[in-house]
Amino acid sequence: SAVYKRLNQPIKIDDLNALTNGNHWFVVAGDLKAKHPLWHSSCSNATGTILYGHSLNGDYTVKAPDTPTFFPAITGHGSDVLDIALVRLPQLSYDITNLNELSSDHKPVLLRSPTLQSPTRHRNTQNALTGPNI
């Protein structure tokens, strides 16, 4: 799911529960405006503190790039990590990075999960006596 939390709107536990409860795999990603040092923000805010507490009780991880995703146009306001992902997938490792394609005040973020096993490639061969052999 793609999410966006409006500025100055409190994050609701019921909304977090709706996104993360259940026995299903998910990726919830976007601008949650949830600042917390554990996901590379320069400080904590109320949303980040709530999300951190919820993640401790939930069966998911918060993933964030290690460099800022937000670059404000207002002088004196520093860049920070606002675009994050809540992840529950069977993979053990994830790679999340910023893409250097700044078309707004936010950089796009790419979340990758390597496959456990490369798919097997089949090649078609023709045997003159028995027909196709895959």
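The values are calculated or read from the model by the stated rules, or taken from the named source; none is laboratory data. As the structure is a prediction and not an experimental result, all values here were calculated from the model. For neighbour counting, all protein chains shown are included, and Cβ atoms are generated from backbone atoms with ideal geometry for every residue, glycine included.
Sort out which residues of the range 7-35 are part of a loop (DSSP other than H, G, I, E, B), under 18 Å from H77 (Cα atoms), in contact (Cβ under 8 Å) with a residue 24 or more places away in the chain and not aliphatic (A, V, I, L, M), and write them in order of number.
K33, K35
If I filter the range 85-105 for residues that are touching a residue at least 24 places away in the same chain (Cβ under 8 Å), in contact with a helix residue (DSSP H, G or I) (Cβ under 8 Å, 6 or more places away or on another chain), surrounded by 15 or more Cβ atoms within 10 Å (Cβ to Cβ) and hydroxyl-bearing (S, T, Y), do I get at least one hit?
Checked the range 85-105: no residue is touching a residue at least 24 places away in the same chain (Cβ under 8 Å), in contact with a helix residue (DSSP H, G or I) (Cβ under 8 Å, 6 or more places away or on another chain), surrounded by 15 or more Cβ atoms within 10 Å (Cβ to Cβ) and hydroxyl-bearing (S, T, Y).
In the range 49-68, what residues are farther than 19 Å from S79 by Cα and of a type in the set (A, V, I, L, M)?
Result: I50, L51, L56, V62.
Could you grab me the full set of residues in the range 22-51 that are more than 24 Å from T67 (Cβ to Cβ) and surrounded by fewer than 11 Cβ atoms within 10 Å (Cβ to Cβ)?
N23, H24
Output yes when any residue across the range 107-120 is under 17 Å from V27 (Cα atoms), part of a loop (DSSP other than H, G, I, E, B) and modelled with pLDDT of 75 or more, and no when none is.
No: zero hits.
If you take the residues in the range 62-84 that are of a type in the set (A, V, I, L, M) and within 22 Å of D14 (Cα to Cα), which one is surrounded by the most Cβ atoms within 10 Å (Cβ to Cβ)?
Residue satisfying both the conditions and the ranking: I84.
Restricting the search to the range 57-75, which residues are within 16 Å of A34 (Cα to Cα) and among the β-branched types (V, I, T)?
Residues satisfying the conditions are T61, V62, T67, T69.
Condition (residue is small (G, A, S), touching a residue at least 24 places away in the same chain (Cβ under 8 Å), under 20 Å from S93 (Cα atoms) and in a loop (DSSP other than H, G, I, E, B)) applied to the range 37-46: is it met by at least one residue?
No, the range 37-46 contains no residue that is small (G, A, S), touching a residue at least 24 places away in the same chain (Cβ under 8 Å), under 20 Å from S93 (Cα atoms) and in a loop (DSSP other than H, G, I, E, B).
D59 passes all but one of (1) modelled with pLDDT under 80; (2) exposed (fewer than 14 other Cβ atoms within 10 Å of the Cβ); which number fails?
It is condition (1) that D59 fails.
Here is a list of conditions, (1) modelled with pLDDT of 80 or more; (2) within 18 Å of S1 (Cα to Cα); (3) of a type in the set (S, T, N, Q), and T69 meets all of them except one; can you say which number that is?
With respect to (1) modelled with pLDDT of 80 or more; (2) within 18 Å of S1 (Cα to Cα); (3) of a type in the set (S, T, N, Q), T69 is out only on (2).
Every residue, every condition in (1) modelled with pLDDT of 90 or more; (2) of a type in the set (K, R); (3) on the phi > 0 side of the Ramachandran plot; (4) within 16 Å of the chain's Cα centre (by Cα), yes or no:
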{"position": "S41", "(1), (2), (3), (4)": "yes, no, no, yes"}
{"position": "I50", "(1), (2), (3), (4)": "yes, no, no, no"}
{"position": "A64", "(1), (2), (3), (4)": "no, no, no, yes"}
{"position": "S79", "(1), (2), (3), (4)": "no, no, no, no"}
{"position": "Y94", "(1), (2), (3), (4)": "no, no, no, yes"}
